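Everything below concerns the one structure shown next.
The values are calculated or read from the model by the stated rules, or taken from the named source; none is laboratory data. As the structure is a computational prediction, the values presented were derived from the model and not from experiment. Don't worry about glycine lacking a Cβ; one is built from the backbone with ideal geometry, like all the others, and counts go over all protein chains shown.
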There are 2 protein chains.
Amino acid sequence: MPIAENIKNALSSSSMIRKMFEEGMKLKKLHGADKVFDFSLGNPDVDPPQAFHDIFVKLATEDEKGSHGYMPNAGFPHVREAIAKKVCREQNVEVDFSHIIMAAGAAGGLNAVFKTICNPGDEVIVSRPYFMEYRPYTANHGAKLVEVDSLDNFDLDINAIASGLNEKTAAVIVNSPNNPTGKIYSEEVLANLASLLKEHGKKTGRPVYLVSDEPYREIAYTESVPPILSSYPDSIVVSSYSKSLSLPGERIGFIAVSPLIHDKDDLVNGLIYTTRILGFVNAPALMQRIAGSLTEAKVDVSVYARRRDAFMKALDNAGIEYAMPQGAFYLFCKVPQAKNNEQKDDKEFVEHLKKYLILGVPGSGFGKPGWLRFAYCVDEKIISASGSAFKEAMENW
Amino acid sequence: MPIAENIKNALSSSSMIRKMFEEGMKLKKLHGADKVFDFSLGNPDVDPPQAFHDIFVKLATEDEKGSHGYMPNAGFPHVREAIAKKVCREQNVEVDFSHIIMAAGAAGGLNAVFKTICNPGDEVIVSRPYFMEYRPYTANHGAKLVEVDSLDNFDLDINAIASGLNEKTAAVIVNSPNNPTGKIYSEEVLANLASLLKEHGKKTGRPVYLVSDEPYREIAYTESVPPILSSYPDSIVVSSYSKSLSLPGERIGFIAVSPLIHDKDDLVNGLIYTTRILGFVNAPALMQRIAGSLTEAKVDVSVYARRRDAFMKALDNAGIEYAMPQGAFYLFCKVPQAKNNEQKDDKEFVEHLKKYLILGVPGSGFGKPGWLRFAYCVDEKIISASGSAFKEAMENW
């Protein structure tokens, strides 16, 4: 049976991450799960915090009448209220429940955002490397993703963003801590971005939204992640509990709209409406209630910190360069020079590593060829054990 | 801040059902919840079955490691396997897990289906009256919903559907038991529809999908709901646990693809891909596992049957005509002739009823002016108590 042309085309070039994930499952069947160094998927394996388990059992045992029914499409008011308080703290602004819309994870939230703010033909600017799903998330709603380069240290390149702006620009999307680089954008960088966007809005008469995708906000190692909502008035934060509570399969997150935004009603009503018509209807009820109860809890980030250190050690020993991650749980590595000085690309290096049962994702999958991404949401023992595999792989590269 | 034009336009004419729902909340605050006869929203209030509670507590208590993580976008294989067995029984075909894609409720499933099968400009045929969300669900993906009339008894009008078919038709959508009429389409009617579609496909060389939205399959009173997948080869069933287990807030359902479908791989891979990129990523993990365990359970339908009888009695006493519902939990009523013989429409009657604290939804909200819908997922006592309010309202109409 025929299917839509654009979907048929997309299928043939579908997600490299998911491909590696499936390849990993095959290799594990063949060699045993503990023999494969699968760093392909960002599937958090650190347990949800004890507080999650406690409230989960409590809500199941009580199983309050009507608690699995419909609620307003934006979510339970008491949950939105609780999350507003958390957002106040994190974003250094005063928001209330009316600024919060519960979402089916960040992926659901971003689709609602782009559907709400983009006219067909509008553009959304993103800095390379970036989470590749932003491309369909914008294309779904007729918008075009415009890629610009980042600086060599993977910081935002304000001049590059400036060159991407035009009268069709609906939004700039930022992701900090960044997937795949682990970069956190500083207050200063965000202030520069805000200045640029304000100036552009004044000049063109079309204000540009700053959309911040921040599922990794709570996975930061040495510094906290600067606020977005207080940095630029026309900003929208999309967040999720996939990483902070290790609940990616449960599809729970939220959208927070800046209180400084001019005339927010259309935007908020639009977000509620698109949440409804895109078929989310509302974020899953039980997980909403859990998220509303767990505004202080998060996974044990020190586990990720130890893994990062172990991974960096393995890469250092093998002589593989990487960007030092400040947050998230990815290591973005440079494809090393081959011994015979042949020019080889990231896909070839990923294939080479596979021979040593090491799985990563080519940087091309993030708009950055010549690099590759390892996710370290796997047991520290496996990371440490991968050291000799990396070394052997490098000796034969 | 500006938002997308189409969303701004939609906001001004948004869902009548949701408007009545919100109006109902206001009236209840003013007059007390037990004084308002709120028949506006199809929000099941019958408790989920005991088996739901048991498995809910069991899964929460065990809280199996990794159970809240990512799984394949189509859903947990063991859940898809369990649901395939249920679909075999209900649809009288042999399906396995590869025919099942878990969805975030029927709304999520339908969006994935239309995104997968519709090219921009394609058409989807629906019989009036119909669940109005089909309009945005198709428009989201560039398709156009084409309305055709049903017969006077609200059965499918095969000739009307024939007149709507053309080379742009991607699908016909049916909904049985129907929202808002409660109609169940017989095997004979479905066979006639299948003949029409087969003939059209042969003639034009473009086979048409039959998409069956069936969240009410298990809410049927006197007869069972005939199968779709065995009635027509190129058919897709979209189902949900919102009504059968009373879990509408939890967003859990599935898509089942006919095993008779020609060359199903593109379709299935497309459905998995669109589930991912639309931002669902996967149906909520916990509810997947619950759905997979509860293939035999459903809410106590006799509660709805008693309410239906009580409601029909109230309407009979007031002299309001309705279509006799065979399933679902709606009564679709004709706007009665006004005493002074003035021509008054469904919106006026709904406004009139509101004075007596009775809330329904105008038939215009379902493409059928001159009618209105009452949802009887409210306590039987409230339904019985509404009898005198209906009577009084009619005396002054």
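Here are a few things to note about the model shown:
- Answer residue from segment B:66-81, given it is more than 7 Å from chain A (Cβ to nearest Cβ) and surrounded by fewer than 19 Cβ atoms within 10 Å (Cβ to Cβ) and is farthest from B:Met102 (Cα to Cα) among those: B:Ser67
- Within segment B:195-223, the set of residues being more than 14 Å from every other protein chain (Cβ to nearest Cβ) and either under 18 Å from B:Val257 (Cβ atoms) or within 17 Å of the chain's Cα centre (by Cα) (or both) comprises B:Ser212, B:Glu214, B:Tyr216, B:Arg217, B:Glu218, B:Ile219, B:Ala220, B:Tyr221.
- Number of residues in segment B:363-383 that are surrounded by fewer than 24 Cβ atoms within 10 Å (Cβ to Cβ) and closer than 18 Å to B:Ala338 by Cα equals 2.
Per-residue answers, yes or no, for (1) facing chain B (nearest Cβ under 10 Å); (2) over 21 Å from A:Val225 (Cα atoms); (3) surrounded by fewer than 20 Cβ atoms within 10 Å (Cβ to Cβ):
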{"residue": "A:Ala106", "(1), (2), (3)": "yes, no, no"}
{"residue": "A:Lys115", "(1), (2), (3)": "yes, yes, no"}
{"residue": "A:Ser127", "(1), (2), (3)": "no, no, no"}
{"residue": "A:Phe131", "(1), (2), (3)": "no, no, no"}
{"residue": "A:Thr169", "(1), (2), (3)": "no, yes, no"}
{"residue": "A:Ile173", "(1), (2), (3)": "no, no, no"}
{"residue": "A:Asn179", "(1), (2), (3)": "no, no, no"}
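- Residue check: B:Met132 meets all listed conditions (1) at pLDDT below 95; (2) within 20 Å of B:Ser235 (Cβ to Cβ) but one, namely (2).
- For segment B:61-81, the tally of residues that are under 15 Å from B:Ser293 (Cα atoms) and in contact with a strand residue (DSSP E or B) (Cβ under 9 Å, 6 or more places away or on another chain) stands at 5.
- The sole residue among A:Ala10, A:Ala51, A:Ala33 that is at pLDDT 90 or above and of a type in the set (A, V, I, L, M, F, W, C) is A:Ala51.
- Checked against the criterion of being closer than 20 Å to A:Gly365 by Cβ and facing chain B (nearest Cβ under 7 Å), segment A:12-22 contains one or more residues that satisfy it.
- Flag if A:Ser98 is under 30 Å from A:Val299 (Cα atoms), more than 9 Å from chain B (Cβ to nearest Cβ) and hydroxyl-bearing (Ser, Thr, Tyr): yes
Let's see how each residue does on (1) farther than 30 Å from B:Gln326 by Cβ; (2) within 22 Å of the chain's Cα centre (by Cα):
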site	(1), (2)
B:Leu247	no, yes
B:Gly253	no, yes
B:Leu260	no, no
B:Leu286	yes, no
B:Lys298	no, yes
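- The one condition in (1) modelled with pLDDT under 95; (2) in contact with a Pro (Cβ under 7 Å, 6 or more places away or on another chain) that A:Pro2 fails to fulfil: (2)
- Residue in segment B:143-155 that is crowded, with 22+ Cβ neighbours inside 10 Å, over 15 Å from B:Leu193 (Cβ atoms) and within 14 Å of chain A (Cβ to nearest Cβ) present: yes
- Qualifying residues in segment B:297-318 (those that are in contact (Cβ under 8 Å) with a residue 40 or more places away in the chain and of a type outside the set (A, V, I, L, M, F, W, C)) - the one nearest to B:Lys381 (Cα to Cα): B:Arg307
- If you go through segment B:375-397 and keep only what is touching a residue at least 60 places away in the same chain (Cβ under 8 Å) and closer than 14 Å to B:Val303 by Cα, you end up with B:Ala375, B:Tyr376, B:Cys377, B:Val378, B:Asp379, B:Glu380, B:Ile382, B:Ile383, B:Ser384.
- When A:Asp34, A:Asp38, A:Asp63 are checked against the criterion of being among the charged types (D, E, K, R) and within 11 Å of another protein chain (Cβ to nearest Cβ), A:Asp63 stands alone in meeting it.
- Set B:Lys264, B:Lys298: member being farther than 22 Å from B:Asn178 by Cα and either of a type outside the set (A, V, I, L, M, F, W, C) or within 11 Å of another protein chain (Cβ to nearest Cβ) (or both): B:Lys264
- Every residue from segment B:319-349 that is touching a residue at least 60 places away in the same chain (Cβ under 8 Å) and within 22 Å of the chain's Cα centre (by Cα): B:Ala323, B:Met324, B:Pro325, B:Gln326, B:Gly327, B:Ala328, B:Phe329, B:Tyr330, B:Leu331, B:Phe332
- Enumeration of residues in segment A:327-349 that are within 13 Å of A:Pro180 (Cβ to Cβ) and surrounded by 20 or more Cβ atoms within 10 Å (Cβ to Cβ): A:Gly327, A:Ala328, A:Phe329, A:Tyr330, A:Leu331, A:Phe332, A:Cys333, A:Asp346
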